[in-house]
């Protein structure tokens, strides 16, 4: 395969006599300046979360970011789907939202009857003090859908700098050694029932606590649990110079960390390709896994699920570009990964994700990771999962990630699919899907 740079940000690739063009993600000037030039004025370098918008109507307030409905100042306990229906209707209050759109947005590809929506509307009306007879807040448009009709005000609840530290419990970092001699770094933090996070691209146990990419994850997951996580071989504080990159090796690494941490039974979280590792472990050790949570995961890697010759060429080009461009000072090659993981990332998130990538692994290992990820296939294994499983995914993720998660949920017996209203693979703290996901995980593990 031969490569040459084309005009602008496009790269022309020649492969077996055929050529195709891969266009690098386009960034705004502010993204590039933030990543390349750290000498901007202080005001330009400070990245703020958007003000949290709170919707007020009647006696109620809807705080989407906190996942709260308050009535007369008291938090109302409502089912997640009831909350999601209300949030959708409030956001789209200028129009009638069809039943089909509500079902697609809230339930995704799960098959539910129209009566399920009707029951959620009834519960919604009870929660906000409305009835099907008066319809002062939610109007039924027969044969079409529903419209939020109450007079609604919006207020903000202040702004917080995204660099303001999130409170984190102390973590303890230890090391263990695998059967093939690889030293793995693992960390524990928080108190409560154990929750193990299978390793995924990319982590660094020490730097994760500083970066906006992972800090809120650590805070949220360790709030009610003893969180156990580790850097996979070739990554972070674990050994980088290792002989074997394979799904089997990653599963053995997880087994080694779990044994070193002295865990008996625990919940297991797998994100992205870490989902395949978690699935494999759960099938091999069902007596030790109480619950399985998967986010943005897939049954087959990109090479395995390529359907056309063009798909296959793009997979190989993507992997080879990693080898060629990862270690370059110019971050445009690494931008490919940022655009997949955080397509709506802020300047600060993009900068810190780029720094995380550079700190976490070498160019050679990045290539080896992606090459192995592309060959993952747990299609047969997934059908043998026997533990309660929650499969979550951002509905608008780039590529076919949501479809792959939906397929994975269909393979795992009795699993529940949780569509998230986001396009981000790694959910930022400011993303409304983040508190939604965290609340659903807490309820599932409880």
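Since every read-out is calculated from the coordinates, none of them should be taken as a lab result. Since we're looking at a predicted model, the values are computed, not measured. No Cβ is skipped: glycine too gets one built from the backbone with ideal geometry, and neighbour counts run over all protein chains shown.
Please compute the length gained on full extension between residue 210 and residue 359, using 0.36 nm multiplied by the number of residues separating them and subtracting their Cα-Cα distance. Could the numbers behind the result be given before it?
Numbers: separation 149, 0.36 × 149 = 53.64 nm, distance 1.25 nm.
Additional length available on full extension: 52.4 nm.
Rank the residues 230, 146, 318 as a footprinting-exposure proxy: fewest other Cβ atoms within 10 Å of their Cβ go first.
Details: 230 31, 146 22, 318 17.
Ordered from fewest to most neighbouring Cβ atoms within 10 Å, 230, 146, 318 come out as 318, 146, 230.
Going by Cα centres, the range 112-142 and the range 296-341 are how many Å apart?
For the range 112-142 versus the range 296-341, the Cα centre distance is 45 Å.
Give me the distance in nm between label points sitting 7 Å out from Cα along the Cα-to-Cβ direction at residue 111 and residue 133, one decimal.
3.8 nm
Can you give the extra length, in nm with one decimal, that the chain gains between residue 324 and residue 290 once fully stretched, where that is 0.36 nm per residue apart less the Cα-Cα distance?
Numbers: separation 34, 0.36 × 34 = 12.24 nm, distance 4.23 nm.
Once the chain is fully extended between residue 324 and residue 290, it gains 8.0 nm.
With a ≥ b ≥ c taken as the square roots of the eigenvalues of the C-alpha gyration tensor of the range 99-229, please select rounded if a/c is under 1.5 and otherwise prolate if a/b is larger than b/c or oblate if it is not? Let's see the in-between values first.
On the way: a/c = 3.41, a/b = 2.22, b/c = 1.54.
Prolate is the answer for the range 99-229, as a/c is 1.5 or above and a/b outweighs b/c.
Multiply the residue separation of residue 375 and residue 149 by 0.36 nm, subtract the distance between their alpha-carbon atoms, and state the gained length in nm to one decimal. Write down the numbers at each step before the final one.
Details: separation 226, 0.36 × 226 = 81.36 nm, distance 5.10 nm.
Extra length available between residue 375 and residue 149 comes to 76.3 nm.
Using Cα centres only, tell me the gap between the range 385-406 and the range 229-274 in whole Å.
21 Å
Computed FRET efficiency, Cβ-Cβ of residue 175 and residue 263, R0 22 Å: what is it to the nearest 0.05? Don't skip to the end; give the middle numbers.
Working: r = 17 Å, r/R0 = 0.75.
That gives a FRET efficiency of 0.85.
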